[in-house]
1. Can you spot a residue in segment 166-180 that is of a type in the set (Val, Ile, Thr) and without any contact (Cβ under 8 Å) to a residue 40 or more places away in the chain?
2. Under 24 Å from Thr208 (Cβ atoms), among the β-branched types (Val, Ile, Thr), in a helix (DSSP H, G or I) and in contact (Cβ under 8 Å) with a residue 60 or more places away in the chain, is that true of Ile367?
3. Please verify whether Val225 is surrounded by 21 or more Cβ atoms within 10 Å (Cβ to Cβ) and outside any strand (DSSP E or B), treating the condition exactly as stated.
4. Has segment 293-303 got at least one residue that is buried (at least 17 other Cβ atoms within 10 Å of the Cβ) and within 20 Å of the chain's Cα centre (by Cα)?
5. Might you let me know whether segment 112-130 holds any residue that is more than 20 Å from Lys31 (Cβ to Cβ) and touching a Pro at 6+ places or on another chain (Cβ under 7 Å)?
6. State which residue is nearest to Ile13 (Cα to Cα) when the search covers only segment 197-209 and only residues that are modelled with pLDDT of 75 or more and either under 17 Å from the mean Cα position of the chain (by Cα) or buried (at least 16 other Cβ atoms within 10 Å of the Cβ) (or both).
7. I need the full set of residues from segment 88-114 which are over 25 Å from Ile207 (Cα atoms) and either surrounded by fewer than 18 Cβ atoms within 10 Å (Cβ to Cβ) or in contact with a Gly (Cβ under 9 Å, 6 or more places away or on another chain) (or both), in order please.
8. Among the helices (runs of 4 or more DSSP H) confined wholly to segment 22-130, which include 2 or more residues that are under 18 Å from the mean Cα position of the chain (by Cα)?
Amino acid sequence: MKYLSILGSTGSIGTRALEIVRMHPDHFKVKALTAANNIDALARQIVEFKPELVAVLNETKAMELSRILKGNDRPQILFGEDGYCEAASYRDSDMILLAMVGSVGLKPALCAIASKKQIALANKETLVMAGQIVMAAARENGVSILPVDSEHSAIFQCLKGNPKKDVKTIFLTASGGPFRQLPFDAFKDISLNDALCHPTWSMGHKITIDSATLMNKGLEIIEAVHLFDIPHEQIQVLVHPQSIVHSMVGYKDGSIMAQMGLPDMKGAISYALSEPERLNLQMDFPDFATLGSLTFEKPDIQKFPSLVFAFEACRQKGTLPAVMNAANEVAVCAFLEKRIGFLDIFRLISSTMERHTRIDNPNLSGIIEADCWARDKAQSLI
């Protein structure tokens, strides 16, 4: 039996993780849940899975949840960053699924590591912002960080049993998002509704916009550098619109291993939660006979400069990845609120990065300071 804390339980990753718990109650027991604003959904999860501790965004949300949950068997209700960190380090949990979106996941991740909890990581921003610090802390505390992103899970599986010295190239695949075939001169007319219509995956709004700009792939490049301790020069992005090949690893003898499956996050989540065991998810295989073909192409960096930003952040290191991430979060939020246009997302990230004075080898406070600076700068540029 594995005892779980799920941080971000009402989001797309969290709800799919709870589907797996529901399917395999003999394998998992939920000890703690966290959410931000979706209190009604969290309340339903509490009734079904009976966690001992929950945490929400702020005191107002905690009071709202308390009113919904009547009776004496309700869990301990906490709020804010301290509440999230308490859930991440909860004494009765042995694995933390970090499925929060954005930089808010960094401190809970470090709390979980300090408490020697195994981590299933779906929060890209934790490693983008502070990959060196997080991975060093994990090594020091003997903590395993298991990837939940389908691409990194695929790489993790393809690396199994193979020495890292034999790796030549990691191929990160991307669906290409909804605008892969849209001419660049039409990008100025992209609406919010257009950007939220992903052709393959069902995700939350922030991640869906990141997919439309290919910033999700930019974040994954930086994440892969830290997860697999590989130089960014050995990472290549390929657009694969069918989303069947989730990523590949090429070895120095010319062989390539690919991990494949239908575009459903339950497979990657399940593997992170149960590794090395594979659970029966009652999922179908791709119907290769009717697929016709699997295609790959280079990403268009004129249309999607997020990849250029990410490789530059990898090259310069220091505080620049945190600045890129913070500027992106501000830009996506502004786009979702219809305060800026789609192309302004790229302009805002680029302008913020250009104005930053990079700090090499920053400590945690230096990273947080750079994150705050970038948010203020991006807001002022808007």
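The values are calculated or read from the model by the stated rules, or taken from the named source; none is laboratory data. Here the structure is a predicted model, which means the values were calculated and not measured. Cβ: placed from backbone, ideal geometry, glycine included. Neighbour counts: every protein chain shown.
1. Quick first cut of segment 166-180, residues of a type in the set (Val, Ile, Thr) only: 167, 169-170, 173.
Next, only the ones that are without any contact (Cβ under 8 Å) to a residue 40 or more places away in the chain stay: none.
Within segment 166-180, not a single residue is of a type in the set (Val, Ile, Thr) and without any contact (Cβ under 8 Å) to a residue 40 or more places away in the chain.
2. no
3. When the stated conditions are applied, Val225 passes them.
4. The answer is no; no qualifying residue exists.
5. yes
6. So, considering only residues that are modelled with pLDDT of 75 or more and either under 17 Å from the mean Cα position of the chain (by Cα) or buried (at least 16 other Cβ atoms within 10 Å of the Cβ) (or both), the one nearest to Ile13 (Cα to Cα) is Gly204.
7. Hits for segment 88-114 are Arg91, Asp92, Asp94, Ala114.
8. 80-88, 106-114
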